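Here's the structure we're looking at; comments come further down.
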Amino acid sequence: MKITKICCIGAGYVGGPTMAVIAQKCPHIQVTVVDLNEQRIADWNDPNPENIPIYEPGLSEIVSEARGRNLFFSTDVDKAIDEAQMIFISVNTPTKTYGKGKGMAADLKYIELCARQIARVAKQNKIVVEKSTLPVRTAEAIKSILDNTGNGVQFQILSNPEFLAEGTAVADLLNPDRILIGGDTNQEGEEAINSLVDVYANWVSKDRILTTNVWSSELSKLTANAFLAQRISSINAMSELCEKTGADVNEVAKAIGMDSRIGPKFLKASVGFGGSCFQKDILNLVYIAKSYGLNEVADYWEQVIIMNDHQKRRFSNKIVQTLYNTVADKKIAFLGWAFKKDTNDTRESAAIYVADDLINEQAKISVYDPKVSKNKMLSDLDYLETRTGEENRSALNVFDNAYEACKDAHAIAILTEWDEFTMYDWKKIYDSMHKPAFIFDGRNILNAKQLESIGFVYNGIGS
Ligand code: UDX
Ligand code: UDX
Ligand code: ADP
């Protein structure tokens, strides 16, 4: 089928950027992104492209080029489904917070709602593409809903996992390592796969487009994220050992990364990984393994999460210990709240957990992040339900300037590796702080020697 109209359900961190790039690269395809959230759609349609709801380098330029030409954002989900030949599902799949699999399994209620809506609306054959990260065999569930509740039209289900990383979403979409498309192995399945291959082939060379069966594709996405997260937990485990033995984790990472079998990427020790995917996908993998009785497999992967939780807790403990075992009423300045640089996303950010620990110790936290709003930070803390919203508001102060956030602080903690942090006038910051002035560099981005020569007491990760 030659695709001329695409609909994407879910205008979030995955759906928004992905569809913007498809629209930019395929001017002959009309792309409509729909969402239930009216505010989100209004923000995507904001006349000033700088105000779109997701911050990603390069994204606002692409949106302003394609929007209104062949890229549309709308809340009319039914109309978009009806018109499209191909429907991407990019809704969120959070970890379940209730019932069976609570805290582990992916909550598929949003996916199921989408499937039912597609089944109700569709009057012609459609290709339905899973874009969200989903447990293996979700495609089967979607198919069963579509086939049994639909209007008798034919559906082909494809799995097309997204591998973009936030902060580099546009670059990753424009120049992907690979595109993975899973589908049925029969003739209809192959035809559906080929229609999606043709979409990507507008800008991705064919040797980078990989086709598999549906389950391999679904499992590859979980596996990729599990391997990536495992590398971080592995280097973070070594960081604790380095701190005890006098080795330096940056040196160790460099030395092992030069082994071509290991490779240099994704070996940065940190305060712990965050983001919407790693923890959720591993918990999901653990849950799937357990559901098949594969306890050793489940335990193996669960350790990646246990290590990551330990790394976050270790960071807050170290702050307390170093500040003479008490942070009560002390001002601790956080530089960064996002889970990584160049994004305004804070899902599962280490900063949230470190702040929560320190507030339990009665610290006063002052935060500066170049892209995260005060409301977002407070709602992240409220979500943990550790204390009342009022208590969170009195413990956490948000500044729109790093120098103000650090003024009169006893310590600074770097939680996100924003480039601008390396360019500050650190002497000026030092002069405005209580002494001794401590820095806890949870990202190893600052120059330790230079800071020490100013007078700071510097603590990095793994040295
Ligand atoms: C990840 C995958 O990289 C991407 O392929 C998938 O589609 C979605 O999940 P994302 O979570 O957006 O992407 O960002 P990523 O760059 O993977 O970083 C995840 C977390 O790991 C961040 O908190 C980051 O700071 C941390 N990290 C990353 C480290 O602590 N050290 C590293 O060396 C790399
Ligand atoms: C290893 C290290 O590779 C080497 O750098 C170090 O100096 C010594 O230890 P070696 O044990 O000789 O070298 O062989 P290696 O190729 O690493 O294989 C080790 C085992 O892993 C073998 O049993 C091999 O069959 C197995 N293996 C390796 C796998 O099962 N799968 C793989 O993908 C790779
Ligand atoms: P992701 O990182 O996976 O893109 P987000 O939470 O950023 O996750 O985006 C998912 C979007 O999907 C949200 O904007 C949410 O409102 C939207 N959504 C969820 N369920 C539906 C649905 N049934 N119909 C339309 N939009 C939906």
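The values are calculated or read from the model by the stated rules, or taken from the named source; none is laboratory data. The structure presented is a predicted model; accordingly, all values stated were derived computationally and were not measured. Positions of Cβ are generated from backbone atoms using ideal geometry, with glycine treated the same way; all protein chains shown enter the neighbour counts. Surface accessibility is based on the protein's heavy atoms, side chains included, excluding ligands, DNA and RNA. Shrake-Rupley method; radii C 1.70, N 1.55, O 1.52, S 1.80 Å.
Phi angles across segment 113-130 convert, under the Karplus curve 6.51 cos²θ - 1.76 cosθ + 1.60 with θ = phi - 60°, into 3J(HN,Hα) values of 4, 4, 4, 5, 5, 4, 4, 5, 8, 5, 10, 10, 4, 9, 9, 10, 10, 7 Hz, Gly and Pro given as x. Phi angles across segment 238-254 convert, under the Karplus curve 6.51 cos²θ - 1.76 cosθ + 1.60 with θ = phi - 60°, into 3J(HN,Hα) values of 5, 4, 5, 5, 4, 4, 7, 9, x, 7, 10, 5, 5, 5, 5, 4, 5 Hz, Gly and Pro given as x. Label separation (residue 382 vs residue 306): 3.5 nm, computed from points 7 Å beyond Cα along the C-beta direction. If the segment from residue 428 to residue 244 were pulled out straight at 0.36 nm per residue, it would be longer than the present Cα-Cα gap by 63.0 nm. As a calculated quantity, the FRET efficiency between residue 79 and residue 125 at R0 = 22 Å, using C-beta atoms, amounts to about 0.75.
Where a ≥ b ≥ c are the square roots of the eigenvalues of the C-alpha gyration tensor, would you call segment 30-78 rounded, which needs a/c under 1.5, or, failing that, prolate if a/b is larger than b/c, or oblate? Oblate.
The angle separating the long axis of helix 350-360 from the principal Cα axis of greatest extent in the chain is about 50 degrees. For segment 23-122, the equivalent ellipsoid built from the Cα gyration tensor has semi-axes of 27, 19, 12 Å, listed from largest to smallest.
Taking amide H atoms as placed 1.01 Å from N in the peptide plane, the amide H of residue 72 lies under 5 Å from those of 31, 32, 33, each 5 or more residues away in sequence or on another chain. Of the peptides 191-197, 400-406, 155-161, 261-267, the order by per-residue mean of other Cβ atoms within 10 Å, starting with the highest, comes out as 155-161, 191-197, 400-406, 261-267. The residues of the chain have, on average, 45 Å² of accessible surface per residue, using a 1.4 Å probe with all protein chains present. Remark: C-alpha extents of segment 396-463 on the principal axes read 30, 23, 21 Å, sorted largest to smallest. Taking every alpha-carbon pair under 8 Å whose residues sit at least 6 apart, the chain reaches a relative contact order of 12 percent. If amide hydrogens are placed 1.01 Å from N in the peptide plane, which non-local residues have theirs closer than 5 Å to the one on residue 129? Residues meeting the criterion, in which the H sits 1.01 Å from N, are 87, 88, 89, 158.
Apolar share of the accessible surface for segment 306-459: 46 percent from carbon plus sulfur atoms, 1.4 Å probe. The ellipsoid equivalent to the alpha-carbon distribution of the chain has semi-axes of 42, 24, 21 angstrom, derived from the gyration tensor eigenvalues as √(5λ) and listed largest first.
Quick one: Cα centre-to-centre distance for segment 312-332 and segment 244-289, in angstrom? Taking the Cα centre of each part, segment 312-332 and segment 244-289 sit 25 Å apart.
The C-alpha atoms of segment 306-459 occupy a region whose extents along the principal axes are 41, 34, 31 Å, arranged from largest to smallest.
Restricting attention to segment 5-204, close to 10% of DSSP beta bridges with both partner residues there are antiparallel.
Tell me, what does the Kirkwood hydrodynamic radius of segment 1-40 come to in angstroms if you use every pair of distinct C-alpha atoms?
In segment 1-40 this quantity evaluates to 10.5 Å.
Computed from Cα atoms, the angle from the helix 278-291 axis to the main principal axis of the chain rounds to 60 degrees.
Around the amide H of residue 408, modelled in the peptide plane, lie the amide H atoms of 433, 434, all under 5 Å away and 5 or more residues distant in sequence or on another chain. The angle separating the long axis of helix 187-200 from the principal Cα axis of greatest extent in the chain is about 50 degrees.
With only the Cα atoms considered, segment 5-204 has a convex hull volume of 122 Å³ per residue. Using the Karplus relation 6.51 cos²θ - 1.76 cosθ + 1.60 with θ = phi - 60°, the per-residue 3J(HN,Hα) values for segment 8-18 come to 10, 8, x, 9, x, 5, 8, x, x, x, 4 Hz, with x marking Gly and Pro.
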